[in-house]
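*Asks:* The structure's right below; bear with me while I get my questions together.
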Amino acid sequence: MERKIQSIRGMKDYLPAETAFWQPLEGTLTGILSNYGYREIRLPIVEQTQLFERAIGDVTDVVEKEMYSFSNRSGERLTLRPEGTAGCVRASIQHGLLYKQEQRLWYLGPMFRYERPQKGRYRQFYQMGVEVFGHQGPDVDAELILLTARCWRALGVSKHLSLELNSIGSLEAKARYGEALVAFLSQHADRLDEDCRNRMHTNPMRALDTKNPEMQDLMRTAPIMIDYLDDDARVHFSSLCKLLDLAGILYTINPRLVRGLDYYNQTVFEWVTTRLGSQGTICGGGRYDGLVEQLGGRPTPAVGCAMGLERLALLLQEVNPGFASTPHIDAYLVVGGGAGVQSEALRLAEQLRDALPSLGLMINYGGGGFKKQLRRADKHGALIALLLGDGEAAEAKVVVKNLATGSQETLPQSDVAARLTAILR
Ligand code: ATP
Ligand code: MG
């Protein structure tokens, strides 16, 4: 026998038991965004490699080690998108969406990063991203946080999430702070792991985002960004904190929160949970006022965030399993008798679906005795069995059996829709 072909490592199949969580999850999130006036943008999965190198930064985990890049047949350097902001900014500039107007956008889809697969970390994963262009904040920063908090409440997971907040200041403040950090790292050069040593001179702030517990200990004693903030950023940050206080949102200021991508400035935030082991960040975001200009547009303030849908789905399965939506089958059509009856069943079912567009109706295929078919009806959670045998088919009738009460009656097929409506009401 040929060897079976398997899926690619880190790229999951989502079977029906999981999509039962994903469908209401996506519906809840997109419904809330739509109510806030945000509109969907759909972007290609493949972009020029250059876009990510320029937007995310050369010396970041994502660009250095995690991108799926390849050349196509005409030799263009292409990459499967590792995140959505770069493509969203590219598209917004390309189509003039940022010219004298604001934009409130969201997108949802797969992202690709070559990471070590583990629970909550995959090589193909789904993000829902939200981006707002054209506003300086901090009111829009606060809106994004309130909007995500509303999502957590609607999903029934807010008890398990907490908000961490920081400001990383202007690009100049980032540079000043970078110098202080390099001085600190040089003092401790002998204790640094390879990553931190490499980054000391290329991108020192990346050292703060280390996943190595020993390095995390060391970083707890590093200088903190808040001491290097410019006045604008300081005012922006304290206004944001006030807005969150007014809205009753609890948060912790985490001076070591820097986020993994280079384009952020000022506000950065993460929603984290302790329920998923070390993959605890559910949603991350912040301001990126320089990115539009950096990618060739006019200077445009911007803020955004992205949530990891696998991590949200895992959290839902753990703390709110009742959130799953099971397919809703009202009636099961039991088919008995000769070959002609199966085609009669198909015709009757379509007639009922025409009359009752929201009816959940399944037809039995593959035969089986009445008992066996009734067991299948039960398994699918049907409240009603419709029985169609040779006799019923010949007389254009059908037996309607209420599976909850056991009572049954024989009706002309033309009366069935009204009877179903009455039983299901
Ligand atoms: P982490 O620190 O966990 O690597 P990150 O900072 O790289 O996360 P972002 O680029 O901010 O993540 O992406 C936003 C969200 O997308 C994360 O908070 C997380 O929920 C999700 N995410 C990121 N990478 C993965 C992945 N490889 N698998 C599943 N979800 C992911
Ligand atoms: Mg990462």
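No value in this document is a laboratory result; all are computed from the given coordinates. Fair warning: this is a prediction, and the values are worked out from it, not measured in the lab. Don't worry about glycine lacking a Cβ; one is built from the backbone with ideal geometry, like all the others, and counts go over all protein chains shown.
*Asks:* Among Ala404, Cys88, Val157, which residue has its Cα positioned farthest towards the positive end of the charge dipole of the chain, with +1 placed on the Cβ of Lys and Arg, -1 on the Cβ of Asp and Glu, and the dipole taken about the Cα centre?
*Replies:* Checking the options against the dipole of the chain, the answer is Ala404.
*Asks:* Cross-link partners among aspartates and glutamates for Lys242, C-alpha distance below 20 Å, same-chain residues fewer than 8 apart left out?
*Replies:* Cα-Cα hits under 20 Å: Asp139, Asp141, Glu143, Glu164, Asp227, Asp230, Asp231, Asp232, Glu270.
*Asks:* Sorted by mean Cβ packing within 10 Å, highest first, what order do the peptides 259-270, 112-123, 72-83 take?
*Replies:* Packing order, densest peptide first, comes out as 259-270, 112-123, 72-83.
*Asks:* Relative to the longest principal axis of the C-alpha atoms of the chain, give the angle of the C-alpha long axis of helix 413-424, reported between 0 and 90° and rounded to the nearest 10°.
*Replies:* Once rounded, the angle reads 50 degrees.
*Asks:* Something else now. Residue-wise, which Karplus ³J(HN,Hα) couplings in Hz belong to segment 396-412, taking 6.51 cos²θ - 1.76 cosθ + 1.60, θ = phi - 60°, and x for glycine or proline?
*Replies:* Once rounded to whole Hz, the list reads 6, 10, 7, 8, 9, 10, 7, 6, 7, 9, x, 6, 9, 8, 9, 10, x.
*Asks:* While we're looking at this one, here's another question. Assigning unit charges at the beta carbon (Lys, Arg +1; Asp, Glu -1) and nothing else, what dipole magnitude in debye, to the nearest 20, does segment 180-338 show about its Cα centre?
*Replies:* 60 debye
*Asks:* Also, quick follow-up: Rounded to the nearest 5, what % of DSSP beta bridges with both residues in the chain are antiparallel?
*Replies:* If I count the DSSP bridges inside the chain, around 80 percent turn out antiparallel.
*Asks:* Beyond 22 Å, how much of the Cα-Cα pair distribution for segment 331-424 remains, as a whole percent?
*Replies:* Counting pairs separated by more than 22 Å, the tail of P(r) holds 16 percent.
*Asks:* Still on this structure: According to a simple spin-label model (label point 7 Å from Cα along Cα-to-Cβ), what is the distance in nm between Ser34 and Tyr114?
*Replies:* For Tyr114 paired with Ser34, the spin-label model returns 3.9 nm.
*Asks:* Mean separation of Cα pairs under 8 Å and 6+ residues apart, divided by the residue count of segment 1-132: what relative contact order is that in percent?
*Replies:* Computed over segment 1-132, the figure is 28 percent.
*Asks:* Let me ask something additional. Lys4 to His328: extension gain in nm, 0.36 nm per residue of separation minus the Cα-Cα distance?
*Replies:* 113.2 nm
*Asks:* Which entries in the list Lys379/Lys401; Lys372/Lys401; Lys65/Lys174; Lys119/Lys211 go over 19 Å, if you measure between the two C-alpha atoms of each?
*Replies:* Among Lys379/Lys401; Lys372/Lys401; Lys65/Lys174; Lys119/Lys211, the Cα-Cα distance tops 19 Å for Lys65/Lys174.
*Asks:* Where the only charges are on Cβ atoms (+1 Lys, Arg; -1 Asp, Glu), what is the dipole of segment 59-157 about its Cα centre, to the nearest 20 debye?
*Replies:* It works out to roughly 440 debye.
*Asks:* In addition: With just the Cα atoms defining each centre, how far is segment 74-126 from segment 326-387? Give it in Å.
*Replies:* 44 Å
*Asks:* What 222 nm value per residue comes from the helices of the chain, counting each DSSP H run with n ≥ 4 as -39,500 (n - 2.57) and dividing by all residues, nearest 500 deg cm²/dmol?
*Replies:* It lands at -12000 deg cm²/dmol.
*Asks:* With the cut-off at 1.5 for a/c, could you classify segment 40-91 from its C-alpha gyration tensor as rounded, prolate or oblate?
*Replies:* oblate
*Asks:* Considering the dipole of segment 285-351 built from charges on the beta carbon (Lys and Arg +1, Asp and Glu -1) around the Cα centre, which of Ala331, Pro301, Gly286 is farthest to its positive end?
*Replies:* Going by the charge dipole, the pick is Pro301.
*Asks:* Suppose R0 equals 22 Å. What FRET efficiency, 1/(1 + (r/R0)^6) with r the Cβ-Cβ distance, do Ala339 and Lys372 give to the nearest 0.05?
*Replies:* Once rounded, the FRET efficiency stands at 0.75.
*Asks:* Between 0 and 90 degrees, rounded to the nearest ten: what's the tilt of helix 16-35 against the longest Cα principal axis of the chain?
*Replies:* Orientation of helix 16-35: about 60 degrees from the principal axis.
*Asks:* Put +1 on the Cβ of every Lys and Arg and -1 on every Asp and Glu Cβ in segment 196-260; which of Gly260, Val235, Thr221 then has its Cα farthest towards the positive end of the dipole?
*Replies:* Gly260
*Asks:* In debye, nearest 20: dipole of the chain around its Cα centre with unit charges on the Cβ of K, R (+) and D, E (-)?
*Replies:* It comes to approximately 1000 debye.
*Asks:* Right, another one. Per residue and in cubic angstrom, what volume does the convex hull of the Cα atoms of segment 151-282 have?
*Replies:* 112 Å³
*Asks:* A further question follows. What full-extension length gain, to one decimal in nm, is calculated for Asp390 and Ala404 as 0.36 nm per residue of separation minus the Cα-Cα distance?
*Replies:* Once the chain is fully extended between Asp390 and Ala404, it gains 2.5 nm.
*Asks:* Report, to two decimal places, the Cα Rg of segment 4-49 normalised by 2.2 N^0.38 Å (N = number of residues).
*Replies:* 1.65
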